[in-house]
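A quick write-up on the structure given underneath.
Nothing in this text is a laboratory measurement; each read-out follows from the coordinates by a stated rule. The shown structure was predicted, so the numbers you read here are calculated from the model rather than taken from an experiment. Every residue, glycine among them, receives a Cβ derived from its backbone with ideal geometry; neighbour counts consider all protein chains shown.
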Amino acid sequence: MATGTILFDMAGAVPADGTGTINNPAQGSILVSTGTQPANGPKVTRPVWLFDPTTDEHISFGSFRMPENYASGGTLKIIVYNVTLQSGTNNFVMKACLAAITPGEDVLAKVFPAPDTVTIALATTQAAGISVAASLALSATALNSVAAGDDVVLFVGRDADHASDTGGGDMALMDVSMEYVTT
Ligand SMILES: [Ca+2]
Ligand SMILES: [Ca+2]
């Protein structure tokens with residue numbers, strides 16, 4: 001047993017298509033550093049996803065095949081930042097879960113189980129653009145009985161209308177990976 005890690009490509013994420021109920025997309029954006037670049041190098045430039053403060057928004061990573069050495073678990077390791085200056089003490093609330101399809105199972109009508117949430121505490125009057133790391137150990141329900149070799153889609157969203165999601169302005173998602181227990 002060891003810890004396996006799956007890295008998700010931020011540029012490869014897919015926004016929700018806006019159909020149905022609260023199936024709203026986050027906005028993809030390219031963040032360019034305002035700092036002074038080195039004489040012989042570029043500006044730090046990266047893809048991020050921006051999540052609204054009041055309306056739930058979502059992206060999906062997928063699909064990927066669960067590694068053959070997957071045994072159990074699934075803990076998301078996340079880094080976000082606040083796009084705007086915060087007023088007082090605030091949190092972001094994120095939500096996530098997997099849809100796992102075992103070969104032989106119907107693909108077209110697949111649905112996600114109930115997602116899990118994680119509350120991400122920000123510093124008091126946190127300045128804009130400060131990165132915060134968070135961790136979400138997905139429950140058995142949110143893991144959707146995933147097994148080695150399954151096809152998997154991971155969704156990540158901001159639970160913007162959650163009572164604890166008091167953070168002002170957009171939440172920017174920078175990084176997502178998933179750790180699991182190997183065979
Ligand atoms: Ca919600
Ligand atoms: Ca909110």
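Computed values, structure above
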| quantity | calculated |
| --- | --- |
| Around L7: net Lys/Arg minus Asp/Glu count, Cβ-Cβ under 12 Å | -2 |
| Charged-residue dipole, Cβ positions (Lys, Arg, Asp, Glu), the chain about Cα centre, Debye nearest 20 | 500 debye |
| Alpha-carbon centroid distance for the pair region 105-183 / region 55-76, whole angstrom | 9 Å |
| Taking region 3-182 and dividing mean pair separation by its residue count, relative contact order in percent (alpha carbons under 8 Å, at least six apart) | 36 percent |
| Equivalent ellipsoid semi-axes - Cα gyration tensor, region 1-98, angstrom | 26, 22, 16 |
| Reach of K77 by Cα under 16 Å, taken over lysines that are not fewer than 8 positions away in the same chain | K95 |
| Spatial extent of the chain: Rg and Dmax, with the Cα atoms as the point set, Å | 17.1, 56 |
| From phi via Karplus (6.51, -1.76, 1.60), per-residue ³J(HN,Hα) for region 57-73 in Hz, x at Gly/Pro | 9, 8, 9, 10, 10, x, 9, 9, 9, 5, x, 5, 8, 5, 10, 6, x |
| Segment S29-S177, length gained on full extension (0.36 nm per residue, minus Cα span) | 51.3 nm |
| Potential extension, T141-T84 segment - 0.36 nm per residue separation minus Cα distance | 17.1 nm |
| Computed E for S131/T75 - FRET, C-beta separation, R0 22 angstrom, nearest 0.05 | 0.70 |
